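This report refers to the structure that appears directly beneath it.
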Amino acid sequence: MAGFEIALVILASGYVAGGTYDRLKKAVAERRNAKARALNGPEPLCGCGHHLAYHDARDGLCYASVPAADAGADEAARRCPCRRYSGPEPLATLYAPELAAPVGERPAIESAD
């Protein structure tokens, strides 16, 4: 083999190895992101496309602003016409008391004489 052929083989193998490394790195990142999305659960988006935070908890009205279709330069946006939140319900936050006292605060056991 001539020097040119050896250099060509080295460059080609470097190109293949670099491409494989990039694809592997991208696959690992996609898997990590998919796992994080699965652990976080679904995003609380309503059917109108707005987040749960834009909806009033009491009456469900959406307070987000959307651009008006026939708006002029002076009228840029109007309120979303959504009347009730229709997305996934978030889990309730519950308070549960601790089952045991912290280690330093355990009460002494009294013996019955």
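The values are calculated or read from the model by the stated rules, or taken from the named source; none is laboratory data. Every value quoted in this text rests on a predicted model; they were computed, and no experiment measured them. Heads up, the Cβs are rebuilt from the backbone with ideal geometry, glycines too, and the neighbour counts pull from every protein chain shown. These area figures cover heavy atoms from the full protein model, side chains too; ligands, DNA and RNA do not enter into them. Shrake-Rupley method; radii C 1.70, N 1.55, O 1.52, S 1.80 Å.
Filter segment 39-52 down to residues that are open to solvent by 90 Å² or more (accessible area, probe 1.4 Å) and part of a helix (DSSP H, G or I) and give me whichever is farthest from residue 92 (Cα to Cα). Break it down stepwise before answering.
Here is the first cut: in segment 39-52, the ones open to solvent by 90 Å² or more (accessible area, probe 1.4 Å) are 39-40, 42-43.
Now restrict to residues that are part of a helix (DSSP H, G or I): 39-40.
Numbers: 39: 17, 40: 15 Å.
Among those that are open to solvent by 90 Å² or more (accessible area, probe 1.4 Å) and part of a helix (DSSP H, G or I), it is 39.
Yes or no, residue by residue, for (1) more than 13 Å from the chain's Cα centre (by Cα); (2) touching a residue at least 24 places away in the same chain (Cβ under 8 Å):
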residue	(1), (2)
24	yes, no
31	yes, no
35	no, no
39	no, no
42	no, yes
49	yes, no
60	yes, yes
64	yes, no
67	yes, no
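Which is exposed (fewer than 10 other Cβ atoms within 10 Å of the Cβ) and modelled with pLDDT of 80 or more, of 12, 101, 36? Give the derivation first.
On the way: 12 fails: exposed (fewer than 10 other Cβ atoms within 10 Å of the Cβ); 101 fails: modelled with pLDDT of 80 or more.
The match here is 36.
Please verify whether segment 67-86 includes one or more residues that are in contact with a helix residue (DSSP H, G or I) (Cβ under 7 Å, 6 or more places away or on another chain), at pLDDT 75 or above and not acidic (Asp, Glu).
yes
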